[in-house]
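Okay, structure first, notes after.
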Amino acid sequence: MPDVGPSPRIRGAARKLEQAMRSVGAKTDFRYLPGRTHGALYAIGDDRRGLSRTIAWEMYRVARPDARVPAGVPQPEVELA
């Protein structure tokens, strides 16, 4: 199956939301994962919940900056904006 990624409409909506959040000075972190769709968003390699685990640890680090993220937490490839 070809790697089609999100539709231009979804991608455009996400970029507009990112711009709106920046324009009001909101503290946000937008990342675009190339080739991902809603059905395959959370998988990283063989870990079906990889992105969920990554997000959870990133939120934990905000609350506890000195926490050490375990070596096994996957990191997704991110598209440069």
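Taken together, the values in this text are just the output of simple stated rules run on the coordinates, not laboratory data. Predicted, not measured: the structure shown is a model, and the values here were computed from it.
Numbers at a glance
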quantity	calculated
Residue-averaged 222 nm ellipticity for the chain, from DSSP H runs of 4+ at -39500 (n - 2.57), nearest 500	-12000 deg cm²/dmol
Residue-wise HN-Hα coupling along the stretch 9-14, computed from phi with Karplus coefficients 6.51, -1.76, 1.60 (Hz; x: Gly, Pro)	5, 5, 4, x, 5, 5
Nonlocal amide H pairs with TYR32, under 5 Å, H built at 1.01 Å	GLU79
Highest-MSF residue in the chain out of TYR42, TYR60, TYR32 [GNM, Cα springs under 10 Å]	TYR60
